[in-house]
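Quick note: the coordinates plus some simple rules give every number you see, no bench work behind them. Owing to the predicted nature of the structure, the values given are computational and were not obtained by experimental measurement. Heads up, the Cβs are rebuilt from the backbone with ideal geometry, glycines too, and the neighbour counts pull from every protein chain shown.
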Amino acid sequence: MATFYDKLIIAVILAGSLIAYGAIGVYSSEVSYDRINVKQGDKQVLEVVLGLKSDGIYPFKFEGGEGKIEVKGNKVRMLPMDKKTCPRSLCSSTGWIDQAYQSIVCLPNRLQVQFEGIEDSKVDIMVF
């Protein structure tokens, strides 16, 4: 049978968890970027400045093929490439990203899609 102190410990742990979860939501919801960069290695192949009219599909060429990203609001995703260029299509399976600490990576082509901009995000990394 649970004693008073057992219940107190459980209540404190639950309260602490809710506070931590709320703090993560507050810090991660701030937009701290103003552009999207697509890089192959160290070379930039595309830059999209986010704004009112930035929604759309943006094609880009890179060493080894062509790709496309789709921007909607402050979110971006990689559209599927042909199987010769990206055999497993893991980069397009990543889906939409919308936080500065997130990125889309295509290892066979050394591509990286990431947000950059105004200031560093308050959240450095999240592990699930």
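The alpha-carbon of residue 68 sits under 22 angstrom from the alpha-carbons of these lysines, leaving out residues fewer than 8 places away in its chain: 39, 43, 53, 83, 84. Its Cα gyration tensor gives the stretch 35-116 an equivalent ellipsoid, and the semi-axes of that ellipsoid, as √(5λ) in whole Å with the largest first, are 19, 13, 12. Taking trypsin sites (Lys or Arg not before Pro) across the stretch 70-111, the ones in a DSSP loop with at most 15 further Cβ atoms lying within 10 angstrom of their Cβ are 83, 84, 88, 110.
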